[in-house]
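Structure first, commentary second.
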Amino acid sequence: MVEWSDNERAIIADVWSKIDVGEIGPQTLARVLIVYPWTRRYFGAFGELSSVAVVLANRKVATHGRVVLNALDVAVRDLDNIKSAYSHLSSLHRYQLHVDPANFRLLADCLTIVIATKFGAAFSSDVQSTWHKFMAVVIAALGSRYF
Amino acid sequence: MVEWTEFERSTIQSIFSKLDYDVAGGKALARCLVVYPWTQRYFGNFGNLYNAAAIMGNPKVAAHGKVVLQGLDRAVKNMDNIKAAYKELSVLHSEKLNVDPDNFKLLADCLTIVVAAQMGAAFTAEVQAAFQKFLAVAVSSLCRQYY
């Protein structure tokens with residue numbers, strides 16, 4: 001099981017409390033679709049995704065970005081049981097959505113970058129370390145039903 | 001050969017012109033040593049690397065960070081032939097320093113976060129895409145002579 005120090009718990013709670021899901025979710029997903037364009041193949045039903053401006057303006061992207069980021073709340077509230085908390089989500093991504101698990105890391109990277117742009121110097125190396133660990137645990141949990 | 005759009009060229013030049021080479025390289029390297037602690041094994045003679053504070057304040061880390069960023073500057077100034085510009089550096093890292101090439105990506109990620117934190121909202125999705133493409137080319141060129 002993953003061990004979290006008190007300091008790590010405090011950092012994760014603090015970062016999460018400062019994140020506006022309605023703002024950060026859309027930005028994060030948009031960045032994934034822009035920086036790693038092959039990910040657009042998962043969103044055939046979202047309409048126009050052919051250019052940066054169009055992705056940024058796409059309302060389905062924004063809505064879905066919120067859905068994805070809201071799901072992180074489950075992990076934040078249950079740090080000690082992320083793997084079991086995400087068991088259903090992992091099966092969903094594997095058996096229904098057929099998402100290559102490599103993409104979880106791409107989304108986590110973009111989320112980390114968006115947080116860095118918002119927090120500036122406050123995204124210290126300690127905060128980055130802790131957040132990186134949290135993302136790694138979430139990614140592993142989401143991939144846990146794949147094999 | 002890598003194709004660069006006008007936007008990508010000007011973005012890369014602009015980002016690097018705004019970086020304080022005395023500081024940014026050191027910050028990125030320090031983050032690497034903090035967030036990915038196994039990388040510390042390459043710096044046995046750097047003295048105190050026991051905790052984040054020690055690493056962030058270590059003058060050898062700062063000095064070496066500057067060396068690394070100056071190496072990146074060579075790619076900035078030779079964007080149309082980074083592969084050739086990095087031939088010797090690649091041989092150095094593989095034959096002499098014996099650096100696992102996975103580490104290049106780790107440092108690139110840390111530098112991206114330092115730049116994102118500094119630029120804030122100006123580090124848009126398009127800027128991120130251009131910057132990550134540039135770093136990917138630099139990393140790939142550094143890996144060339146390994147095989």
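Bear in mind these aren't lab numbers, they're just calculated from the coordinates by the rules spelled out. Keep in mind that what you see is a predicted model, and the values were worked out from it rather than measured. Don't worry about glycine lacking a Cβ; one is built from the backbone with ideal geometry, like all the others, and counts go over all protein chains shown.
Considering only Cα-Cα distances, which of the following residue pairs are longer than 25 Å: A:133/B:27; A:118/B:18; A:83/A:133; B:60/B:105; A:118/B:77; A:133/B:18? Don't skip to the end; give the middle numbers.
Working: A:133/B:27 20 Å; A:118/B:18 19 Å; A:83/A:133 14 Å; B:60/B:105 22 Å; A:118/B:77 30 Å; A:133/B:18 30 Å.
Exceeds cut-off: A:118/B:77; A:133/B:18.
Neighbour counts of other C-beta atoms within 10 Å: give me B:14, A:124 arranged from fewest to most. Display every interim value, and only then the final one.
Numbers: B:14 13, A:124 16.
Lowest count first: B:14, A:124.
Suppose only helical runs count, i.e. DSSP H with n ≥ 4. What mean residue ellipticity at 222 nm does that imply for the protein assembly as shown under -39500 (n - 2.57) per run, divided by all residues and rounded to the nearest 500 deg cm²/dmol? Could the numbers behind the result be given before it?
On the way: 16 runs with 192 residues, N = 294.
Roughly -20500 deg cm²/dmol at 222 nm, from the helical runs in the protein assembly as shown.
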- Note on the structure: Fewest-first ordering of A:123, A:104 by Cβ atoms within 10 Å yields A:104, A:123
- Message: Based only on Cα atoms, what mean projected area does the convex hull of segment A:39-103 have, in nm²?
- Response: 5.0
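Please report the net charge: other residues with Cβ closer than 15 Å to the Cβ of residue B:6, K and R +1, D and E -1. Intermediate values should be presented prior to the final figure.
Numbers: positive: B:9, B:133; negative: B:3, B:8, B:80, B:126.
Residues near residue B:6 contribute -2 overall.
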- Message: I need the P(r) histogram for segment A:1-58: all alpha carbon pairs, bin width 5 Å from 0 out to the longest distance, whole percents.
- Response: 4, 17, 20, 14, 10, 11, 11, 8, 4
- Query: When chain B is modelled as a GNM with alpha-carbon springs shorter than 10 Å, which of B:119, B:79, B:56 fluctuates the most?
  - Reply: B:119
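Using alpha carbon coordinates only, what is the Rg to Rh ratio of chain A, with Rh defined as the Kirkwood radius?
Values: Rg = 15.2 Å, Rh = 15.8 Å.
So for chain A, dividing Rg by the Kirkwood Rh gives 0.96.
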- Query: Going by how many other Cβ atoms sit within 10 Å of their own, how do A:117, B:39 line up, fewest first?
  - Reply: B:39, A:117
- Item | Centre separation in Å (Cα based) which lies between segment A:81-147 and segment B:21-47 | 24
- If you count, for every residue in A:43-56, the Cβ atoms of partner chains within 10 Å of its Cβ, what is the mean? 1
- Simple spin-label estimate for residue A:122 and residue B:70 in nanometres, 7 Å along Cα-Cβ: 3.6
- Let me know the volume per residue of the alpha-carbon convex hull for segment B:50-147, in Å³. 117
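State the percent of C-alpha pairs, over all pairs in the protein assembly as shown, separated by a distance greater than 27 angstrom. Please list the in-between numbers first.
Values: 19137 of 43071 pairs.
Value for the protein assembly as shown: 44 percent of Cα pairs lie more than 27 Å apart.
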